[in-house]
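The structure appears right after this line, and notes come after that.
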Amino acid sequence: MPHTLLLAQPRGFCAGVVRAIDVLDEVLDREPAPVYAFHEIVHNRHVVDGFRARGAVFVDSLDEVPEGARIVFSAHGVSPEVVAEAHRRQLRVIDATCPLVTKVHLETKKAAKDGYDVLLVGHRGHDEVVGTLGEAPDRTTIIDSPAEMASLPRRERPVFVVTQTTLSLEDTAQVIDAIRSEYPDAQVRNDICYATTNRQMAVRTIAERADLVLVVGSSNSSNSVRLREVAASMGKPAYRVDGIEEIDPAWYEGVGVVGLTAGASVPDELLEPIIEDLRRRGVTRVEPVVVAEETIVFQPPDASA
Ligand code: SF4
């Protein structure tokens, strides 16, 4: 049974998630319910359910929001079309888009304006990718894998590459290699954010020593799903769970060292019951494995509207 727990560091909340959660928290404290949010404020079931219980209403269409109401845009960002529609409906918007996502929007918009065809490396349908695509939909093509490059009709304009912020470092490098082999002069911005990078490095480090890796995070959290994939790619059994209730104790059979981490949208309190449970099962050594110190803090968004 387990005797050692390796705790990846950094893990859990990133600066963009803290900013988005703080702003919705403050709005719910000071304004009467309901307070609307466009899409889940961050991709974590526990966080979203907690806000719902306090009067937040998460919508996927602005049609569901009464004219003049308060709405918070999620950390994943929205397309200019959504911004314009919110304006038409005179909604009082607080934009909690992570500044690192906003940077990708600005790169995409400028590249299209400067005459490039944009290749957006990312997962089709993810909220962030939908928002970025909306900056220049006629000039942007989503590329999800190296195989998709083979079927892409030849671009006549120069090529500019941007990426979703929460992708796998290794998979993205392969896609970018495939793009570069086709378009050696492509301008490439690798936009995978610091938080995604650090969490993947940390999970890789614990997976080297662990017999089993647990990743806490929701199924729609891109960076959490990637963390499990990184651990699994190292040949280790790896499971993503929303919380302790999803852990099957049979996973611990024959396991001496457990690695534990969490996606960027996961509150650390969700790990505490897992750590306590492992102590009850015989873990006597809890070892933080630090690969990076994070000190980034983002300024809160303008909430004066
Ligand atoms: Fe911003 Fe990265 Fe966090 Fe997404 S994961 S909110 S891009 S810091």
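Considering only the range 157-196, state which residues are away from the ligand (no atom under 16 Å from the Cβ), in contact (Cβ under 8 Å) with a residue 12 or more places away in the chain, part of a loop (DSSP other than H, G, I, E, B) and not basic (Lys, Arg).
Residues satisfying the conditions are Pro158, Tyr183, Asp185, Ala186.
Kindly indicate the residue of the range 26-40 that is in a helix (DSSP H, G or I) and touching a residue at least 24 places away in the same chain (Cβ under 8 Å) and also farthest from the ligand (Cβ to nearest atom) among those meeting that condition.
Once the filter is applied, the top-ranked residue is Leu28.
Looking at the range 98-127, which of the residues that are touching a Pro at 6+ places or on another chain (Cβ under 8 Å) and either within 16 Å of the ligand (Cβ to nearest atom) or not aromatic (Phe, Trp, Tyr) (or both) is farthest from Phe160 (Cα to Cα)?
Gly115
Val78 - would you say it is over 21 Å from Ile296 (Cα atoms), in a loop (DSSP other than H, G, I, E, B) and under 23 Å from the mean Cα position of the chain (by Cα)?
Here the answer is yes, as Val78 does meet what is asked.
Between a residue in the range 279-305 that is in contact (Cβ under 8 Å) with a residue 12 or more places away in the chain and any residue that is of a type in the set (Phe, Trp, Tyr), which pairs come within a Cβ distance under 7 Å, given they are 6 or more apart or on different chains?
As it stands, the answer is Arg281/Tyr252; Ile296/Tyr194, since those pairs meet every condition given.
For the range 208-227, which positions are outside any loop (DSSP other than H, G, I, E, B) and under 17 Å from the mean Cα position of the chain (by Cα)?
Answer for the range 208-227, where residues must be outside any loop (DSSP other than H, G, I, E, B) and under 17 Å from the mean Cα position of the chain (by Cα): Val215, Val216, Ser222, Asn223, Ser224, Val225, Arg226, Leu227.
Need the failing condition index for Ala305 against (1) closer than 23 Å to Ile41 by Cβ; (2) in a helix (DSSP H, G or I), just the number.
(2)
Checking Leu119 against (1) under 18 Å from Arg189 (Cβ atoms); (2) surrounded by fewer than 22 Cβ atoms within 10 Å (Cβ to Cβ), only one condition comes out false. Which one?
For Leu119, the exception is condition (2).
Please state which of the following conditions Pro66 fails to meet, knowing it meets all the rest: (1) in contact with a strand residue (DSSP E or B) (Cβ under 8 Å, 6 or more places away or on another chain); (2) surrounded by fewer than 20 Cβ atoms within 10 Å (Cβ to Cβ); (3) in a loop (DSSP other than H, G, I, E, B).
Against the list (1) in contact with a strand residue (DSSP E or B) (Cβ under 8 Å, 6 or more places away or on another chain); (2) surrounded by fewer than 20 Cβ atoms within 10 Å (Cβ to Cβ); (3) in a loop (DSSP other than H, G, I, E, B), Pro66 comes up short only on (1).
Can you pull out the strands (runs of 3 or more DSSP E) entirely within the range 228-297 that have at least 2 residues that are among the small types (Gly, Ala, Ser) and either modelled with pLDDT under 95 or surrounded by fewer than 14 Cβ atoms within 10 Å (Cβ to Cβ) (or both)?
Fully inside the range 228-297 and qualifying: nothing.
Please tell me if Val72 is in a strand (DSSP E or B) and either touching a residue at least 12 places away in the same chain (Cβ under 8 Å) or touching a helix residue (DSSP H, G or I) at 6+ places or on another chain (Cβ under 7 Å) (or both).
Yes, satisfied.
For the range 157-169, name all the residues that are in contact with a strand residue (DSSP E or B) (Cβ under 8 Å, 6 or more places away or on another chain) and either within 20 Å of Asp114 (Cβ to Cβ) or of a type in the set (S, T, N, Q) (or both).
Those that are in contact with a strand residue (DSSP E or B) (Cβ under 8 Å, 6 or more places away or on another chain) and either within 20 Å of Asp114 (Cβ to Cβ) or of a type in the set (S, T, N, Q) (or both): Arg157, Pro158, Val159, Phe160, Val161, Val162, Thr163, Gln164.
The values are calculated or read from the model by the stated rules, or taken from the named source; none is laboratory data. No experiment lies behind these values; they were computed from the predicted model shown. In this analysis, Cβ positions are derived from the backbone assuming ideal geometry, glycine residues included, and neighbour counts consider all displayed protein chains.
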